[in-house]
Amino acid sequence: MFLGLLLSGFSVTEAKGQNILGEILRRMDLYNKTLQSLQADVTMVKFNPQLNVSDVSQGSTSYLPKSGKRVMYVRIDWTKPVEEQISLIGDDYELYRPRLGQVIQGKSSKAKNSASVGGALGFMNMSKAQLNANYDVSYIGQEQISGGVTTWHLQLNPKTATSYKTAELWVDGDGMPRQAKIAEQNNDTTTVLLTNIRKNVTLKGEIFKLKYPGTVKKIRA
């Protein structure tokens, strides 16, 4: 009898979790269908567990989600701790470092620097179908993130081999991912938090093209 009650309790808990997850994914789908553009302040924390060291960068971002007519567009202007600019169009990125007089060009999927933030932002425009097709999605619980925003915490385990081990999302009540975290194969993590969010503002394509002197040194990553 005890075993039967215990198993019954697990079944109820699992069913409740699945109902919550289904509602979260439904709201994310609705949010994605209405999002045309976004601007926000962004904080990125890169953590090295071997050294127990965190690097924190702050700046602002402009974002056009992927659609049937275009790839994803992202621009990030870092202001702290140093000034850097990055433009991401699809999987191609440019990272301009004024203090060094150089531009690094490469693929975001292979990036091990600031460009990896584009990968984290990419999770913020995935549909329910894309998430279910590529990940085993599980509901962890309700949590407050920085700024006091109440969110649903999700874990995403890739169904096929990727450059990272796991990803996590923190989704608000409107279905918008406010925070994303990626754990690399070496256990390094990148966490991206969006604040001061402005949705569906007018963004022109030119703002995603970085402007730098013709004398800068270009490096292929």
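Taken together, the values in this text are just the output of simple stated rules run on the coordinates, not laboratory data. Since the structure is predicted, the reported quantities are computational estimates derived from the model, not experimental observations. All Cβ positions, glycine included, derive from the backbone under ideal geometry; neighbour counts span all protein chains shown.
Summary of values
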{"quantity": "Ser146/Arg99 FRET efficiency (R0 22 Å; Cβ-Cβ; nearest 0.05)", "calculated": "0.20"}
{"quantity": "Other-chain or far-sequence residues with amide H under 5 Å of Ser37's (modelled H)", "calculated": "Asn200, Val201"}
{"quantity": "Separation between Cα centres of the range 178-199 and the range 40-87, rounded to whole Å", "calculated": "9 Å"}
{"quantity": "Violating pairs (Cα-Cα greater than 22 angstrom) within the set Lys128/Lys159; Lys33/Lys211; Lys46/Lys165; Lys69/Lys159", "calculated": "Lys33/Lys211; Lys69/Lys159"}
